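The structure appears below as structure tokens.
The values are calculated or read from the model by the stated rules, or taken from the named source; none is laboratory data. Keep in mind the model is a prediction, meaning the values are calculated, not measured. Cβ placement follows ideal geometry from the backbone for every residue including glycine, while neighbour counts extend to all protein chains displayed. All accessible areas refer to the heavy atoms of the entire protein, side chains included, with ligands and DNA or RNA removed. Shrake-Rupley method; radii C 1.70, N 1.55, O 1.52, S 1.80 Å.
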Amino acid sequence: MLTLTAPAPTVDAASLIADIEAYLADQAPRTAHPLVTKTTDQLIAEALRGPGTEPEAAPALTAPSRLWRILPDWALAITPARRLHGAGRDITVTQHLELTALVIQQYGWHRGGLRSRSGRRCIVGAQAVLYRLGYGDEETAKAAGQQLQNVLRRRGIDEAYPQWNDRSARTLDDVLHLIREAANNTKENQ
């Protein structure tokens, strides 16, 4: 019996991080003048800190090594991987959803588990990639999941989005449409 399988996507973690950073830079708050690089809130916080008390620099984001990419997802949660790859980068729920779509586009989409052997990801698996790389926290991911559930409920679907993702009739376009609709709804509610 001859079975055909799609070629595994080539995943370049450095490219993914560069795309995420480019997206976040584009989403950064704009200032009134091009020479002003900080928001008013940041300038006030800096003034209140006083001289000589510099804020801790944001950790540098680096691509995960091959070892981190092949370890099971649960093992990454108990390792220093998040700290090594920039833990603590705050993102909004909308950004989390849009970046989830980006991860699925770059890694490939999967149903039937968090990831395939080739590295393709389901929705939850893509959220896990963002979390492990240090983009957002558990609360952000949960809020994003709730937005996905809200979209499904409005469509009259009562199953959880991970089960919805795993249905045999589901397509990549269906998944990306759900994620982007949730992101757009989140923007409208902010």
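Using the structure shown, decide if Ala47 is at pLDDT 60 or above, open to solvent by less than 20 Å² (accessible area, probe 1.4 Å) and in a helix (DSSP H, G or I). No; evaluated as a whole, the condition is false for this residue. When the stretch 103-160 is filtered for residues that are farther than 22 Å from Asn184 by Cβ, open to solvent by less than 20 Å² (accessible area, probe 1.4 Å) and not in a helix (DSSP H, G or I), the ones remaining, listed by number, are Gly108, Gly119, Leu133, Gly134.
Condition check for Arg167 on (1) touching a residue at least 40 places away in the same chain (Cβ under 8 Å); (2) under 19 Å from Ile20 (Cβ atoms); (3) open to solvent by 50 Å² or more (accessible area, probe 1.4 Å): one failure, at (2). What do you reckon, is Val151 closer than 21 Å to Tyr23 by Cα, among the hydrophobic types (A, V, I, L, M, F, W, C) and in contact (Cβ under 8 Å) with a residue 24 or more places away in the chain? No; evaluated as a whole, the condition is false for this residue. For first residues located in the stretch 86-97 and on the phi > 0 side of the Ramachandran plot and at pLDDT below 85, partners that are among the β-branched types (Val, Ile, Thr) and part of a loop (DSSP other than H, G, I, E, B) and lie 6+ apart or on another chain with Cβ distances below 8 Å form the pairs Gly86/Thr62.
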